[in-house]
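No value in this document is a laboratory result; all are computed from the given coordinates. Just so it is clear, the structure is predicted and the values come from calculations on it, not from any experiment. For neighbour counting, all protein chains shown are included, and Cβ atoms are generated from backbone atoms with ideal geometry for every residue, glycine included.
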Amino acid sequence: MANSGTPLVELRDISIAFGGIKAVDHVSIDLYPGEVVGLLGHNGAGKSTLIKCLSGAYKADAGEILINGEKAEISNPRDARSYNIETIYQTLALADNLDAASNLFLGREIVGPGGFLDDSAMEAETRKIMARLNPNFRKFNVPVSALSGGQRQSVAIARAVYFNAKILIMDEPTAALGPHETQMVAELIQELKKQGIGIFLIEHDIHAVMDLCDRAVVMKNGQRVGTVNVNEVTDEDILGMIIMGKKPPQAV
Amino acid sequence: MTDTPTHAPQGSSDAKLGPIARFIRGTELDTRMLGMVGALLLIWFGFHIYGALFNGGGVFLTPRNLWNLSVQTSMTGIMATGMVLVIITRNIDLSVGSIVGVTGMVMGLLQVEILPQYLGLGHPAIWIVTVAVGLLTGILIGAFHGWLIAYRGIPSFIVTLGGLMVWRGMAFLSADGRTISPVDETFGLLGGGPHGSVGAMGSWIVGILGCAAILWILRSGRASRKKHSFALRPMWAEYALAALGCGTLLGAVLMVNAYPWPKGILKQENLPVDAVVSHGFAIPVLILAVVGILMTILMTRTRFGRYVFAIGGNPEAAALSGINTRWVTLKIFALMGMLSGLAAVVASARLNSATNALGDLDELYVIASAVVGGTSLAGGVGTIYGAIIGALVMQSLQTGMVLIGFGDGSYRKIVVGVALVLAVYLDNLYRKKTK
């Protein structure tokens, strides 16, 4: 993929420390429209921490974030949303006791006259978008605790898609899913790519990265080992980067 | 995944259901609520029949007792609606009884010793200023608790346990333990009694307005479903719901109107001894009804209510969705404080005095009412109407024990305690079965 022009997102020289431990140490990454960039590394390598600076869950100690070439101030999840950054968390950030529509619109409810919630309108919108993403979805009136992992994930993805995400962060979106559901998510990622959405994909599974990503960034001990175009390297190259921090010649 | 629905239509669609199951499916009534109403009726008939068999006459199911029961329930009920929000967000408030005590004293001193100096005794603004100051005091105390909990990270159990002691102490110090009485005459009406009731005509107006509201809600609900082409309830179910709702309400009107003023009051008012003047709904009961309706709207129709449930279901998810969870928590405790202040209005008006012991141990009955009413201590689940029915169940047990001659306190406490544990156990069984 020829990445020219202004990147959709640029994280420049980001550092963040927790009580003296440098979780992220001067890391820079970027993302272009219609691109999937994989973030790899061991547990504790700093991938999730880095990406949480973009989603607004953490605030970086140093460094800057640029969206479409302009400096962005992101200090909470609401700021991130105003830049059309949507996050799908590993822990499936859904309120289990609420139904699909309430979760989809959580924090951005449709309100009618007088500021009262318009639940019917929200359910109707939810039915529309779920018909597109997961036509088999039927459980609209039960709490999401009654849904399977894949159904829950499709609610989480629907939330991102519905609100016109330009930048999507997926933290191990398939970790809790079976093979069929994983395939469904993979197809969805291809579909979102076509729409020009940029995706950061945090993954442990090398094969998923090789299948889905255009580029891969490998982190170790809070630092960036290197960035590679996945079609120029092998599984072993990436594994070497993750395990030994060994940078192959193709990497930048 | 421990939270289960209290409102979800369950199961598959098979046509071979019995008439009761078909009725519940069609009307979409909450089976848990039906269970609670069933338990309530069982308690009522149980005490009545026990009285009839062993005490030579059942007195539970009489207009007089049910009217008194409704007044006694209103104070606990008002606070229980707020406790639902507190418990849904996985918090607890042990201080509500003490807040009742201290706000009661503040209002007592204000209306008896301070305001009459400036406005003159019996000035019509006294009760308004007093109630406003009482509610504000409650809000400030609650907001302070909420700030300590949400912004300073002190567990709610500890903050409100501290509050339980601090505010009770303050209630004593505010007047060196004196009892302040009598309260302002208009203020006193807020506590019920023959004069603090709206009479037969007033009760019919309340009943008819209520029925109109029920019909309007059913109608607009159906219209909204139609607009988005969701499944509609069958027409017979709509009619059944309308009949049930209006029937219960009008039945309540008939009941409160069947309780006449006692002879002593008639004499006081220079009315003939054979005159029949109905009590009608007591004002505290109407206050509870208004609180219940407003709180239900707050919880089901507003963003704030949705966020309360979301925080209870998954605090992290709520925060990541951009909800300011700390601010919501502070507001919940401020609201709880305000409702405690309102309960203090009703309690001190009813007793015609303010004492430093007002509301003592109320926190336990309030928490018990919310929990018996289906609020899950694990968080995320609870309803306002459940808490009010829960308060009615708890009060019915207490009143019933007194009426059948076990009113010396010990037996009453044992029965109420056993009922609380049993109710939560049955609730667990119910939730497992409907999962």
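Values for this structure:
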{"read-out": "Highest average packing first - B:233-244, B:185-196, Cβ atoms within 10 Å", "value": "B:185-196, B:233-244"}
{"read-out": "Length released on extending from residue B:276 to residue B:40, taking residue separation times 0.36 nm less the Cα-Cα span", "value": "81.9 nm"}
{"read-out": "Chain A: angle of helix A:179-194 to the longest principal axis, Cα-based, in degrees nearest 10", "value": "80 degrees"}
{"read-out": "Evaluated at q = 0.07 Å⁻¹: base-10 log I(q)/I(0), Debye formula over Cα of the protein assembly as shown", "value": "-0.59"}
{"read-out": "Average beta-carbon neighbours from other chains, 10 Å sphere, peptide A:101-112", "value": "4"}
{"read-out": "Residues A:70, A:35, sorted so that the one with the fewest Cβ neighbours within 10 Å comes first", "value": "A:70, A:35"}
{"read-out": "Residue-by-residue Karplus 3J(HN,Hα) for region B:241-258, coefficients 6.51, -1.76, 1.60, Hz, glycine and proline x", "value": "5, 4, 5, 5, x, 5, x, 4, 5, 5, x, 5, 4, 4, 5, 5, 6, 7"}
{"read-out": "J(HN,Hα) series, region B:192-200, from Karplus relation 6.51 cos²θ - 1.76 cosθ + 1.60, nearest Hz, glycine and proline x", "value": "x, x, x, 7, x, 10, 8, x, 5"}
{"read-out": "Debye equation applied to the C-alpha atoms of chain A, log10 I(q)/I(0) at 0.10, 0.15, 0.17 Å⁻¹", "value": "-0.49, -1.07, -1.32"}
{"read-out": "Reciprocal of mean inverse Cα separation for region A:61-198 (Kirkwood radius, Å)", "value": "15.9 Å"}
{"read-out": "Cβ neighbours within 10 Å from other chains - mean over B:153-161", "value": "0"}
{"read-out": "Interchain or long-range residues, amide H under 5 Å from residue A:17's placed H", "value": "A:23, A:61"}
{"read-out": "Computed Kirkwood radius, in angstrom, where 1/r is averaged over Cα pairs of region A:1-107", "value": "15.1 Å"}
{"read-out": "Centre separation in Å (Cα based) which lies between region B:56-84 and region B:339-382", "value": "13 Å"}
{"read-out": "Peptides B:361-374, B:79-92, B:253-266 ordered by average Cβ neighbours within 10 Å, highest first", "value": "B:79-92, B:361-374, B:253-266"}
{"read-out": "Dimensionless Rg over Rh [chain B; C-alpha; Kirkwood]", "value": "0.97"}
{"read-out": "For B:411, A:89, order by how many other beta-carbon atoms lie within 10 Å, fewest first", "value": "B:411, A:89"}
{"read-out": "Average beta carbon contacts from partner chains per residue of B:307-319, 10 Å cutoff", "value": "6"}
{"read-out": "Area projected by the alpha carbon convex hull of region B:198-281, averaged over all directions, nm²", "value": "6.0 nm²"}
{"read-out": "For region B:131-269, alpha-carbon Rg relative to the globular expectation (2.2 N^0.38 Å, N residues)", "value": "1.66"}
{"read-out": "Sequence of B:316, A:10 once ranked by neighbouring C-beta atoms within 10 Å, starting from the fewest", "value": "B:316, A:10"}
{"read-out": "Built amide H within the under 5 Å cut-off of residue A:32, gap 5+", "value": "A:8"}
{"read-out": "Stokes-Einstein D for region A:94-164, Kirkwood Rh over Cα pairs, 37 °C, 0.692 mPa s (µm²/s)", "value": "272 µm²/s"}
{"read-out": "Mean Cβ neighbour count within 10 Å, used as a protection proxy, ranking B:163-175, A:217-229 highest first", "value": "A:217-229, B:163-175"}
{"read-out": "J(HN,Hα) series, region B:53-60, from Karplus relation 6.51 cos²θ - 1.76 cosθ + 1.60, nearest Hz, glycine and proline x", "value": "7, 10, 10, x, x, x, 10, 6"}
